Amino acid sequence: MVFILIIGANICIFDILSRQLELIDQDCYLQEEKGYIQHKFVKKQQLFQLNRLDYQLIQQNQMGNKNTKKSLQNTNKYCEINSFLKSNLEEHVILELVLNFKKIQGENLIIVCKGLERCTNVQTLTIHLYSCMIQNENLCEIANSFNNMINLTHLQLNLGVNKIGQQGVHFLGKALTKFQKLQSVQLYLYSNQIRNEGSYLIMDQLAQCQHISILIIEFSNNLIEDEGILNICQQLKRFNKLTTLKLLLYGNLVEQMRRQYLQKIIMKLNKLITFTLVLDIDENQIE
């Protein structure tokens with residue numbers, strides 16, 4: 001009887017232990033399930049973060065492509081009138097037109113000027129008009145087409161081998177006085193008909209642009225005499241912020257005495273760091 005009771009007690013104890021073990025197994029299972037769910041949640045969270053990172057990278061890449069496209073738009077160079085006119089004219093910041101040897105008169109002149117009038121955001125403008133049969137009135141129209149470029153700071157014009165005289169450079173200089181943000185000006189006016197008066201007019205008007213620090217002007221082959229050199233010297237004194245100056249004057253009628261005077265005036269420009277003076281094509285340039 002006792003034995004049975006003991007057995008019964010053992011059975012009861014065994015049942016209790018079995019139940020406890022079952023509960024422990026269930027608890028372990030629940031813990032494992034909980035751990036699996038947590039692990040799955042973490043994985044999803046990590047996946048979400050990775051997807052979000054991928055999305056951000058894609059956005060950055062797309063933005064980079066847009067900026068690259070915009071940058072390319074900002075630095076466009078055109079060698080044909082039609083391709084220039086078909087571009088996004090209002091978006092140009094840096095613009096270069098290479099129209100050498102083209103007849104920029106009549107209809108061509110009108111459409112080029114209309115295109116330039118729409119380039120309202122240009123800061124750096126370079127135009128090559130070498131040997132384009134440009135006369136005084138043509139240069140006047142071209143210069144006036146810059147009027148909307150209120151942020152213009154750098155200008156380069158190649159107007160060599162045309163038919164530009166005193167009146168033409170006067171029109172150009174008058175137009176440039178409106179741009180008080182101009183910091184650098186390069187004017188290549190070689191082989192025209194500027195003479196003494198024309199050299200005075202353009203220098204006088206450029207001196208009114210008070211922030212010019214870089215000035216490069218070529219007056220070569222323009223029948224400029226000693227009087228013209230004196231005029232240039234007098235106007236150079238007014239450029240208070242010049243750090244770089246380059247004057248090309250070969251092919252003119254300049255006496256040795258005037259050359260020395262010109263060099264002396266240049267040396268008195270206080271802020272000048274670099275200057276180049278070319279008086280004869282066969283001579284070494286003075287630097």
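The values are calculated or read from the model by the stated rules, or taken from the named source; none is laboratory data. These figures come from a predicted structure and were not determined experimentally. Glycine gets a Cβ as well: all are built from the backbone with ideal geometry, and neighbour counts include every protein chain shown.
A few points about this structure:
- Residue check for Ile142: crowded, with 18+ Cβ neighbours inside 10 Å, assigned by TED's automatic domain parsing to the domain that holds Glu91 and either among the aromatic types (Phe, Trp, Tyr) or not in a strand (DSSP E or B) (or both): yes
- Scope the range 105-137; condition under 19 Å from Leu176 (Cβ atoms), in contact with a Leu (Cβ under 6 Å, 6 or more places away or on another chain) and either assigned to a helix (DSSP H, G or I) or of a type in the set (A, V, I, L, M) (or both); matching residues: Val122, Leu125, Ile127, Leu129
- Out of Val112, Val122, Val93, one residue alone is under 22 Å from Leu189 (Cα atoms), assigned by TED's automatic domain parsing to the domain that holds Tyr188, among the β-branched types (Val, Ile, Thr) and at pLDDT 95 or above. It is Val112.
- Leu277, sole failed condition from (1) surrounded by fewer than 19 Cβ atoms within 10 Å (Cβ to Cβ); (2) at pLDDT 95 or above: (2)
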